[in-house]
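Each remark here refers to the structure printed beneath this line.
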Amino acid sequence: MQLLIVDDHPLFRDALAGAIRLAYSDAVLHEADGIAAAAARLAEERGIDLVLLDLSMQGVSGFDGLVTLRTRFPRVPILIVSGHEDPRIMREALQHGAAGFVPKAVDKATLTRAISDVLSGALVIPPGLAEAPATAAKSRKAPLPERIARLTPQQLRVLMMIRQGKLNKQIAHELQVGDSTVKAHVSEILRKLEVISRTQIVIDTAALDFEQIHNAPVG
């Protein structure tokens, strides 16, 4: 497992690396002190499985760093580890493509669990954020056909296999791609369908005729 820690504070990078090594002793950790350095490392090390990114860094405005990395390296999931705890910032980060959000104040167990969840393809949402806006978020969710239309053809194939109960390794074998590619697809499917788990994917899409959608001509 290879992780990239992106933060402009050396002491925090060291602390985060130490916490990760306690749980994942065999992990290979890379570090970058900014977005340019992170992009260079991701271009050089194609085996990086996850980026842990701080939003507030010198020379970075708002979500520009997150958007830059998501655009250039869409297959690598990004877990935000930030001092921001404003629910509005957390939601916006997820809307901009983050695979999860963890406040810097969380304990080591919560951090390592978040890393594990993101690596398995889940979307990590702070408990308070998941509970508080549940009703409002549900009312704002787009109709399912509209959300399905956001998926690429490959993501739709992955979605069909998830509904069949197949695991990431089985999906990777059938599509002849790597596990990391499948995980990236699952993260994007969760984000585009506006759900937070594979179970919700199955429940939300149970009423659709996927063969019809899959074979429909693109307008």
Exercise. Lysine pairs in the chain 8 or more apart or on different chains: how many have alpha carbons under 18 angstrom apart?
Worked result: 5
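Calculate, in whole percent, how much of the Cα-Cα pair population of the stretch 144-212 lies beyond 21 Å. The partial results should precede the final answer.
Details: 349 of 2346 pairs.
That tail contains 15 percent of the Cα-Cα pairs.
Based solely on its DSSP helices, what 222 nm [θ] is calculated for the chain when runs of n ≥ 4 H residues each add -39,500 (n - 2.57) and the sum is averaged over all residues, nearest 500 deg cm²/dmol? Walk me through the intermediate numbers first.
Numbers: 13 runs with 118 residues, N = 219.
So the calculated ellipticity at 222 nm is -15500 deg cm²/dmol.
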Exercise. With axes computed from alpha carbons, what is the tilt in degrees of helix 108-119 against the longest principal axis of the chain, rounded to the nearest 10 within 0 to 90?
Worked result: 40
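Could you work out the percent of alpha carbon pairs in the chain separated by over 28 Å, rounded to a whole number? Display every interim value, and only then the final one.
Values: 6915 of 23871 pairs.
Of all Cα-Cα pairs in the chain, 29 percent lie more than 28 Å apart.
Would you please name the GluC sites (Glu not before Pro) within the stretch 1-61 that are DSSP coil residues with at most 16 other C-beta atoms within 10 Å of their C-beta?
Working: sites: Glu31, Glu44, Glu45; in loops: Glu45.
Counting only loop positions with at most 16 other Cβ atoms within 10 Å, the GluC sites (Glu not before Pro) in the stretch 1-61 are Glu45.
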Problem set entry | Percent accessible area from carbon and sulfur atoms, the chain, protein chains only, probe 1.4 Å | 53
Exercise. Considering only protein heavy atoms, what per residue accessible area in square angstrom results for the stretch 1-97 with a 1.4 angstrom probe?
Worked result: 49
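Determine the order of Ser180, Ser197 by accessible area, beginning with the largest, at a probe radius of 1.4 Å.
Ser180, Ser197
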Exercise. What percent does the relative contact order of the chain come to when contacts are Cα pairs within less than 8 Å and at least six residues apart?
Worked result: 16
For this session: Kindly provide log₁₀ I(q)/I(0) values, in the same order as q = 0.19, 0.24, 0.28 Å⁻¹, from the Debye equation applied to equal alpha-carbon scatterers of the stretch 50-94.
Result: -0.56, -0.89, -1.17
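With a/c under 1.5 counting as rounded, go ahead and sort the stretch 2-120 into rounded, prolate or oblate using the C-alpha gyration tensor (a ≥ b ≥ c being the square roots of the eigenvalues; past the cut-off, prolate if a/b is larger than b/c, else oblate). It would help to have the intermediate numbers written out before the result.
Values: a/c = 1.33, a/b = 1.08, b/c = 1.23.
Taking the square roots of the gyration eigenvalues as a ≥ b ≥ c, the stretch 2-120 is rounded.
The values are calculated or read from the model by the stated rules, or taken from the named source; none is laboratory data. Quantities reported herein were computed from a predicted structural model and do not represent experimental measurements. Because the Cβ atoms are built from the backbone with ideal geometry, glycine has one as well, and the counts that use them run over all protein chains shown. What goes into the accessible areas is simple: the full protein's heavy atoms, side chains included, and nothing from ligands, DNA or RNA. Shrake-Rupley method; radii C 1.70, N 1.55, O 1.52, S 1.80 Å.
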